[in-house]
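Shown next, in structure tokens, is the structure this report addresses.
The values are calculated or read from the model by the stated rules, or taken from the named source; none is laboratory data. As the structure is a prediction and not an experimental result, all values here were calculated from the model. When we count neighbours, we look across all protein chains shown, and the Cβ atoms used for this are built from the backbone with ideal geometry, even at glycine. These accessible areas exclude ligands, DNA and RNA; they are computed on the full protein's heavy atoms, side chains included. Shrake-Rupley method; radii C 1.70, N 1.55, O 1.52, S 1.80 Å.
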Amino acid sequence: MTKVVNYISEAFHELKTNVTWPIWADVQRLTIIVAVFSVIFALLTWGVDELFVKALEGFFNILK
């Protein structure tokens, strides 16, 4: 149990002393960029899915 407590203590110490944290403005800007690209990627995925649905519906209608 002492090893676990020691590990957690060292991890927090490392986070406080050795990690370079970005400034708040950079965090906000990068969050917006990630959100925009996530929406764009979701829309592209939805579009490809709809395209495949239409293609498969057409294919199975031909087979009827």
Discussion item. For a quick check of your reading of the model, give me the residue pairs whose first member lies in region 50-64 and is without any contact (Cβ under 8 Å) to a residue 12 or more places away in the chain and among the hydroxyl-bearing types (S, T, Y), whose second is part of a helix (DSSP H, G or I) and open to solvent by 100 Å² or more (accessible area, probe 1.4 Å), with beta-carbon atoms closer than 8 Å and at least 6 apart or on different chains.
Written reply: none
Worksheet entry | Within region 1-55, tally of residues that are surrounded by fewer than 10 Cβ atoms within 10 Å (Cβ to Cβ) and among the polar types (S, T, N, Q) | 4
